[in-house]
Amino acid sequence: MQSEKRIAIYPGSFDPLTNGHVDVIERSLEIFDQVIVAVLHNYRKQGVFSTKERIQMIQESFPSTPGLLVESFDGLLVDYAHMKGAVAIIRGMRANSDFENEFQMALLNRKLSRDVQSVFLITGMRWIFTSSSSIKEAALFGGDISDMVPKPVLARLMERYPKLQKTIAAKSQNIDP
Ligand code: PNS
């Protein structure tokens, strides 16, 4: 049974959260009473950050935000959505290249459950080229990705990638690294 509150699930790997994700979360909160950011706990695929770290980074990026909940999930997304009484699954869509995968996922989810709707939000133009994987790759080699992630995420990335730390330190002292 669905609750009276309009609940949406925003699922993903979030390894780590980017400003593109932040944009989708903020806009989802304008539409739904409650948005549950659901971090996939993938036993088979180890990411750069643990599930716990990913959740912490999201929570730190949204301190005391009414209507926002951050959790992990495993198993089928539609089962989790039912358990939470959600009416919608939110996904951000950047460019055409996202479409194929999202289309397949939405149709599969619809086949598995007819009472949860997939809702797509087109990511803001600024974030079209932002993805967790490209951010991690740039950070590994010391690329300045500081305006592509929230501050708590930047801090963790700097801990993880010494070259990024060097770049940011040089930037703060205004020297060319
Ligand atoms: O951020 P991602 O990696 O694109 O997110 C993918 C995610 C977590 C939404 C997707 O892999 C998922 O829903 N996994 C749970 C298992 C499931 O329900 N699979 C069927 C739908 S693809």
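The values are calculated or read from the model by the stated rules, or taken from the named source; none is laboratory data. Note that the structure is a prediction, hence the values are computed from the model and not measured. We place every Cβ from the backbone using ideal geometry, glycine too, and count neighbours over all the protein chains shown. Areas reflect the complete protein model, heavy atoms only, side chains present, ligands, DNA and RNA absent. Shrake-Rupley method; radii C 1.70, N 1.55, O 1.52, S 1.80 Å.
List the chymotrypsin sites (Phe, Trp or Tyr not before Pro) within region 13-107 that DSSP assigns to loop and that have no more than 16 neighbouring Cβ atoms inside 10 Å. Display every interim value, and only then the final one.
Numbers: sites: PHE14, PHE32, TYR43, PHE49, PHE73, TYR80, PHE99, PHE103; in loops: PHE14, PHE32, TYR43, PHE49.
Hits after loop and neighbour filter: TYR43.
Just want to confirm a number: the relative contact order over the chain, from Cα pairs under 8 angstrom separated by 6+ residues, in percent.
On the way: 261 pairs, mean separation 44.9, N = 177.
Contact order relative to length: 25 percent.
With each label point set 7 Å from Cα along the Cα-Cβ vector, what nm distance links ARG6 and LEU69?
1.8 nm
Quick one: helix 162-172 against the long Cα principal axis of the chain, what's the angle to the nearest 10°, folded into 0 to 90?
Helix 162-172 sits at roughly 70 degrees to that axis.
Hey, can you find the accessible area per residue of the chain for me, probe 1.4 Å, expressed in square angstrom?
Working: 10290 Å² over 177 residues.
In whole numbers, the chain has 58 Å² accessible per residue.
Under the Kirkwood approximation for Rh and a Cα-based Rg, what ratio Rg/Rh is obtained for region 48-107? Each step should come with its number before you reach the end.
Details: Rg = 14.0 Å, Rh = 13.9 Å.
Rg/Rh: 1.00.
How large a share of the accessible area of the chain, in percent, is made up of carbon and sulfur atoms when the probe is 1.4 Å and the other protein chains stay in place?
Solvent-exposed carbon and sulfur of the chain make up 54 percent of the total.
Volume per residue, Å³, of the convex hull around the alpha-carbon atoms of region 64-139?
Working: hull volume 11.0 nm³, N = 76.
Value for region 64-139: 144 Å³ per residue.
Below 23 Å, Cα to Cα, which lysines can LYS166 reach? Residues fewer than 8 away in the same chain don't count.
Counting by Cα, and skipping residues close in sequence, LYS166 has these lysines nearby: LYS136, LYS151.
Between GLU26 and ILE122, 0.36 nm times their residue separation minus their Cα-Cα distance comes to what? Walk me through the intermediate numbers first.
Values: separation 96, 0.36 × 96 = 34.56 nm, distance 1.26 nm.
Here the answer is 33.3 nm.
Once ligands and nucleic acids are excluded and a 1.4 Å probe is used, how much of ARG54 is accessible, expressed in Å² to the nearest 10?
Surface open to solvent at ARG54 totals about 20 Å².
Return the ratio Rg/(2.2 N^0.38 Å) for the chain, where Rg is computed over Cα atoms only.
Numbers: Rg = 17.0 Å, N = 177, 2.2 N^0.38 = 15.7 Å.
In units of the globular-protein estimate, the chain measures up at 1.08.
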